[in-house]
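The values are calculated or read from the model by the stated rules, or taken from the named source; none is laboratory data. This one's a predicted model, so the numbers in the text were calculated from it and none came from an experiment. Note that each Cβ is placed from the backbone with ideal geometry, even for glycine, and that neighbours are counted across all protein chains shown. Surface accessibility is based on the protein's heavy atoms, side chains included, excluding ligands, DNA and RNA. Shrake-Rupley method; radii C 1.70, N 1.55, O 1.52, S 1.80 Å.
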Amino acid sequence: MNIGIVCYASVGGSGIVATELGKALAMRGHQVHFISTETPFRLGEFQAGMAFHQVLTPTYPLFREPQYLLSLSNTIVQVAREFSLDIIHAHYAVPHATAAFLSRQVLRSGNGGPSPKVVTTLHGTDITLVGNDPSYSQIVAFSIEQSDRVTAVSESLRASTYAELKVTREISVIPNFLDCAIHRRQSLPDLRRRFAGDNPDTKIVTHVSNFRPVKRIDLVLAIFDRIRRAVPARLLLVGDGPELGTAYRLARELGIWQLIDIVGAQEEVVPLLSVSDLFLLPSSQESFGLAALEAMACEVPVVASRVGGVPEVIEHGISGFLHPPEAIDEMTASAVALLTDPARHREMAAAARRRALDHFCVDKVVPMYEDCYQTLIADSR
Ligand code: GMT
C-alpha cells in the first residue's frame, strides 16, 4: 500500500510513534510518504520505501499567523496525486485530521479516481488539552467524525474523546509500541561511571520528556530531592522544552544543582535508559506515556502518576508504581523502597521488560494498523 503519514516532526511521543510506524511499514514492503514541516525526529538513516515531503508555509505580510493548515492540505493533495496514496494517516488530530479531511474532499472532486482513505490517530493532548479548547473543539470533533477510521493510543483516551468532544463514531484502540530488539538494556559501565561516578551505591534516577507543563518537571525535582536525602543518587534529565528553565531554577533553589545531569533532546535514549535505575513520570495528564514504556523495555522500573492511559501500560506494584497525581511522598516512598532493595528492584525490572514484550512490541502492534488500512481499502472496493 501507498501510505501518507502526517505528523509533527518535533520531539514528542506522537512524532516518534508516527516515525516508528512509517519505518516498520516500509520494512514490511509498503511505500511510506512522511509529510511534515521537518524531517521527523528519530527518522534516522535512509531506508528503502520511505520518502519525506516537507510542508513549506510561505509568509505574507497580510497574515498574522502562518497558514499551516492550507500548506499542509495542499502538500497532502500533491503527494496523494503524485504517488496514488491509498491511505492518509493523520497523527495528532490538531490540525492534521482537518487537513486530511480537506485534502480528501479536494481529491474526491478531482479526476474521479479513487481517493485515499483517512485514518486519524489520537495521541492525547490533541483531545485532553488542545482539542477540547472551545477555540478548536467543533472543528476537531467534526474532523474526527469525518475520518474513515479513528484510533486512540489507549482506552482512556478513547473514553475521553467520547466524553469531552461528544464524538459518536467508532474509535478503536491501537496502543503505542516500540522495537523491543532496539529498546533493550545495554551494558555500559563507562557511561554509567560518567554519570554516577565511582560510588557503586549511587543510583541514577531519570526523566525523559518534551518538558511541557503537563509533564510536571517541578514534581520530578521535588521527588528527586527527597530520594537523594535517603539514598546516594543523581538525576538525569533528557529532553528539551518550555519547562527546562523550571528545572534549572528549582535545581538551584533546592540546592541539588550539582546532583543533576541535563543532556537535552537526544535521538538515542536507550544508552541513557540503560544506565538508569528508576524513571519518574509524575505527569498531570498522560494518554499513554511512551517514555515510560521505553524505560520499561530497558528494564527501568517507573514511578508514575495514575493518570490517563498510564495504568494500561504499568501494573502497579508489578512492573512499576502508580500513585495519585502530586502524591510526592507516596512516589518518594515507592522509589526509595525499590532503590534500597536490590532483589525487589531486579524482580520489578524484569517484570517491566516482560510487560513491554507481551503487549507493546512493533511486530504485535504494526499489523493492527495494517489490518485497519487493508479493511478500509477492501471496503472501498
Ligand atoms: O506532547 C504531548 O503531550 C503530545 C504527544 C506528543 O506528541 O508527545 O504526547 C502524547 O502522545 C504520546 C504518543 O502517543 C503519548 O505517549 C503521550 O502520553 C501523550 N501525551 C499526553 O497525553 C500528555
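One residue is enough: does the stretch 14-25 have a residue meeting the conditions within 16 Å of the ligand (Cβ to nearest atom), in a strand (DSSP E or B), of a type outside the set (D, E, K, R) and touching a residue at least 24 places away in the same chain (Cβ under 8 Å)? Explain how you work it out, then say what you get.
Pass one, the stretch 14-25, residues within 16 Å of the ligand (Cβ to nearest atom): 14-24.
Narrowing further to those that are in a strand (DSSP E or B): none.
No; the residues of the stretch 14-25 include none that is within 16 Å of the ligand (Cβ to nearest atom), in a strand (DSSP E or B), of a type outside the set (D, E, K, R) and touching a residue at least 24 places away in the same chain (Cβ under 8 Å).
Highlighted here are the strands (runs of 3 or more DSSP E) found entirely within the stretch 140-246 that include at least 3 residues which are among the aliphatic types (A, V, I, L, M) and surrounded by 15 or more Cβ atoms within 10 Å (Cβ to Cβ): 203-208, 233-238. Of all residues being at pLDDT below 95 and over 24 Å from the mean Cα position of the chain (by Cα) in the stretch 41-59, which is least open to solvent (accessible area, probe 1.4 Å)? Just the residue, please. In this case the residue turns out to be Ala48. For Ser137, the test of being in contact with an Asp or Glu (Cβ under 7 Å, 6 or more places away or on another chain) and among the polar types (S, T, N, Q) is failed. For the stretch 332-362, the candidate set comprises residues that are touching a residue at least 60 places away in the same chain (Cβ under 8 Å) and more than 23 Å from the chain's Cα centre (by Cα); within that set, the residue that is farthest from Ala233 (Cα to Cα) is His345.
Can you tell me how many residues in the stretch 87-118 are over 26 Å from the mean Cα position of the chain (by Cα) and open to solvent by 10 Å² or more (accessible area, probe 1.4 Å)? Matching residues across the stretch 87-118 total 11.
Scanning the stretch 280-300 for residues that are more than 11 Å from the ligand (Cβ to nearest atom) and either small (Gly, Ala, Ser) or out of contact with any His (no Cβ under 7 Å at 6 or more places or on another chain) (or both) yields Pro282, Ala295, Met296, Ala297, Glu299, Val300. Only residues that are surrounded by 15 or more Cβ atoms within 10 Å (Cβ to Cβ) and part of a loop (DSSP other than H, G, I, E, B) were counted across the stretch 351-381, and they come to 1.
Output yes when any residue across the stretch 119-126 is touching an Asp or Glu at 6+ places or on another chain (Cβ under 6 Å), surrounded by 20 or more Cβ atoms within 10 Å (Cβ to Cβ) and touching a residue at least 12 places away in the same chain (Cβ under 8 Å), and no when none is.
Applying the first criterion (touching an Asp or Glu at 6+ places or on another chain (Cβ under 6 Å)) to the stretch 119-126 yields none.
Within the stretch 119-126 (the criterion being touching an Asp or Glu at 6+ places or on another chain (Cβ under 6 Å), surrounded by 20 or more Cβ atoms within 10 Å (Cβ to Cβ) and touching a residue at least 12 places away in the same chain (Cβ under 8 Å)), the answer is no, since none of the residues qualifies.
Take the conditions under 22 Å from the mean Cα position of the chain (by Cα), more than 16 Å from the ligand (Cβ to nearest atom) and either free of Cβ contacts under 8 Å to residues at least 40 places away in the same chain or at positive phi (or both) and apply them to Phe63. Does it pass?
Working: under 22 Å from the mean Cα position of the chain (by Cα): no; more than 16 Å from the ligand (Cβ to nearest atom): yes; either free of Cβ contacts under 8 Å to residues at least 40 places away in the same chain or at positive phi (or both): yes.
So Phe63 does not fit the description; no.
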